[in-house]
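Read the structure below first, then the notes.
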Amino acid sequence: MPVHVKVEAGVARVTMDRQEALNALNAEMLDGLEAAFTSLAEDASLRVVILTGAGKAFAAGGDIKVMAELDPNLAQVFATRGQNVFDRIADFPHPVIGAINGFALGGGCELALACDFRIASETAKVGQPEVGLGLIPGYGGTQRLARLVGPSTAKYLIFTGELISATKAMGIGLIDEVVPAEHLMARCEEIAGVIAAKAPVAVTLSKQAVDLGLETTLIHGLNLEAELFAKSFRTADRKAGLTAFIQKRTAQFNGM
Ligand code: CO8
């Protein structure tokens, strides 16, 4: 499998490793990603996932050699398959941090967009070059990119196919933080550690509130927030967190 998983202290590192093709996304890679997130979903001790690529790419896109052989019907099947796997990552109950180590292009940029937020190496390049191949983004780029950076910036990136630096991507909100390449994993692990120490159910509920709220009207989103806020009050961790604050000590959470 071209996807490796390592879990330590509640933090999983999922690494795409098909370096000979710059981690291009073929059926095996999608199967590997799906299998990784399916097994991680069953790990009760899991708190955060870091998704990254081995070598000089996060992922250089959908596999161009595979796409060259597809007819329109199969293209739709392949697009839907990738979208389903990416939805699974976007909807994963725990936060997924994209550690963007290098090229995140086309489907690779779309995979980064399915993460909750993105920390990039200063050597990374991101973009949606599909129109230069006679295609359009097919793994969610026209939808998630426009929602994240706004329609006009998304259209600029998609119509020009420009590959932009991590720093420029941070300027438009596509990347959240840029760090020297050698510090990328340490920084992601540091952030993952901070999140892992928070109340796990509260983190999951807040992810749901943001994601589901973006799909609906403000009034429905606020109602949803109140519902999920109430749900957090059903946890033992809510009591542990409030009591620890009042007693001026650090809370220990158990995810219940
Ligand atoms: N697919 C397949 N193989 C790839 C891909 C890719 N996306 N990207 C790189 N490779 C391969 C190269 O063919 C090369 O293989 P080989 O050694 O056998 O020739 C190897 O990886 C190394 O690549 P390069 O020699 O090109 O490395 P460079 O450092 O010179 O260049 C680049 C790096 C700039 C990243 C360059 O490889 C490149 O431009 N890659 C293509 C980027 C791209 O256009 N991506 C978008 C693809 S379209 C897409 O993602 C649509 C997603 C939705 C799909 C829906 C399914 C139907």
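The values are calculated or read from the model by the stated rules, or taken from the named source; none is laboratory data. Note that the structure is predicted; figures quoted are calculated from it, not measured. A quick note on method: Cβ atoms are made from the backbone with ideal geometry, for glycine too, and the neighbour counts reach across all protein chains shown. Side chains are part of the model used for accessible areas, which takes the heavy atoms of the whole protein and leaves out ligands, DNA and RNA. Shrake-Rupley method; radii C 1.70, N 1.55, O 1.52, S 1.80 Å.
Things to note:
- Gly61 near the ligand (Cβ under 8 Å from one of its atoms) and either open to solvent by less than 40 Å² (accessible area, probe 1.4 Å) or in the same structural domain as Phe117 (by TED's automatic domain parsing) (or both): yes
One line per residue, one yes/no per condition, for (1) touching a residue at least 24 places away in the same chain (Cβ under 8 Å); (2) crowded, with 19+ Cβ neighbours inside 10 Å; (3) of a type in the set (Asp, Glu):
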residue	(1), (2), (3)
Phe159	yes, no, no
Ala166	yes, yes, no
Asp211	yes, no, yes
Glu215	no, no, yes
Leu218	no, no, no
Glu227	no, no, yes
Ala236	no, no, no
Lys239	no, no, no
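- Lone unmet requirement of (1) more than 18 Å from the chain's Cα centre (by Cα); (2) open to solvent by less than 60 Å² (accessible area, probe 1.4 Å); (3) away from the ligand (no atom under 16 Å from the Cβ) for His183: (2)
- Close pairs from the stretch 122-135: first in contact (Cβ under 8 Å) with a residue 24 or more places away in the chain, partner of a type in the set (Phe, Trp, Tyr) and near the ligand (Cβ under 10 Å from one of its atoms), Cβ under 6 Å, at least 6 apart: Lys125/Phe103
- Selected residue (criterion: farthest from Val126 (Cα to Cα)) from residues of the stretch 28-51 that are open to solvent by less than 10 Å² (accessible area, probe 1.4 Å) and out of contact with any Lys or Arg (no Cβ under 7 Å at 6 or more places or on another chain): Leu46
- Search result, residues across the stretch 64-82 that are within 20 Å of Ala112 (Cβ to Cβ) and within 6 Å of the ligand (Cβ to nearest atom): Ile64, Met67, Phe78, Ala79, Gly82
- Among the candidates Ala146, Ala202, residue that is more than 18 Å from the chain's Cα centre (by Cα), of a type in the set (A, V, I, L, M) and part of a helix (DSSP H, G or I): Ala202
- Restricting attention to the stretch 83-93, the residues that are open to solvent by less than 50 Å² (accessible area, probe 1.4 Å) and within 12 Å of the ligand (Cβ to nearest atom) total 2.
- Number of residues in the stretch 150-169 that are more than 24 Å from Pro180 (Cβ to Cβ) and of a type outside the set (D, E, K, R) equals 11.
- Qualifying residue in the stretch 94-113 (condition: open to solvent by 60 Å² or more (accessible area, probe 1.4 Å), polar (S, T, N, Q) and within 15 Å of the ligand (Cβ to nearest atom)): no
- Val126 being touching a Cys at 6+ places or on another chain (Cβ under 6 Å), within 14 Å of the ligand (Cβ to nearest atom), farther than 24 Å from Ala41 by Cβ and modelled with pLDDT of 95 or more: yes
- Val3 vs. criteria over 27 Å from Asn254 (Cα atoms), at pLDDT 95 or above and open to solvent by less than 10 Å² (accessible area, probe 1.4 Å): no
- Which listed residue is on the phi > 0 side of the Ramachandran plot and surrounded by fewer than 19 Cβ atoms within 10 Å (Cβ to Cβ), from Gly173, Gly140, Gly193: Gly173
- Checking Pro137 against (1) closer than 15 Å to Glu110 by Cα; (2) within 13 Å of the ligand (Cβ to nearest atom); (3) in a helix (DSSP H, G or I), the condition it does not meet: (3)
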